[in-house]
Amino acid sequence: MSDSGVEKKSGNAVFSISIKEHSVLHSSYMPFLTNGGIFIPTAKKYEIHGEVFILLNLIDEVKQIPVNGKVAWITPIHAQANRPSGIGIQFVEKNSEAKNKIENYLAGTMNSNKPTHTL
């Protein structure tokens, strides 16, 4: 996963994220959050419920998917089991384009026993 930068605008975080591999998408997707969500590795500190905006580029998609979200998960630096530090972003919109596309890419593998960044 590449994060081409985070910038602050009016107190909200803006991310541009590119996920090009199915394994990274599987490790990053958070299907257990209402409306789905995505884990973003970062060492910066954020607050729970903080608003974020993501421009998400998936696998072989040409266009970026705009996503409104809020911080629902925080993994601190030096977390157990060598999990990367970062934040879990819950998608705000019900049936969002991001959730639908991610779940299509991960069809048949979402319930696998492969470890993820969060659980």
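Mind giving me the FRET efficiency for F32 and N82? R0 is 30 Å, r the Cβ-Cβ distance, nearest 0.05 is fine.
Working: r = 21 Å, r/R0 = 0.70.
Taking R0 as 30 Å, the efficiency between F32 and N82 is 0.90.
Please give the peptides 72-83, 98-109, 28-39 ranked by average Cβ packing (other Cβ atoms within 10 Å per residue), highest first, as a rough proxy for protection. Mind showing how you got there, number by number?
Values: 72-83: 12.4, 98-109: 15.2, 28-39: 19.9.
Output ranking for 72-83, 98-109, 28-39: 28-39, 98-109, 72-83.
Need one number: % antiparallel among DSSP beta bridges in segment 2-105, to the nearest 5. It would help to have the intermediate numbers written out before the result.
Numbers: 24 of 31 bridges.
Given both bridge residues lie in segment 2-105, the antiparallel proportion sits at roughly 75 percent.
Pop the C-beta distance of K45 and N100 into the FRET formula with R0 = 22 Å and round what comes out to the nearest 0.05. Intermediate results must be reported in sequence, preceding the final value.
Values: r = 31 Å, r/R0 = 1.41.
My answer for the efficiency is 0.10.
Taking R0 as 25 Å, what FRET efficiency do you get between Q64 and A107 from their Cβ-Cβ distance, rounded to the nearest 0.05?
Details: r = 22 Å, r/R0 = 0.87.
After rounding, the FRET efficiency stands at 0.70.
Want the number for S23 to I74: 0.36 nm per residue separation, take away the alpha-carbon distance, what's left?
Values: separation 51, 0.36 × 51 = 18.36 nm, distance 2.11 nm.
Full extension from S23 to I74 adds 16.3 nm.
Counting pairs of Cα atoms in segment 2-105, how many percent are more than 16 Å apart?
Details: 2872 of 5356 pairs.
More than 16 Å apart: 54 percent of the Cα pairs in segment 2-105.
No lab work stands behind these numbers, since they all come straight from the coordinates. Predicted model, so just to flag it, every value in this text is computed and none were measured. All Cβ positions, even for glycine, are placed from backbone atoms using ideal geometry, and neighbour counts span all protein chains on display.
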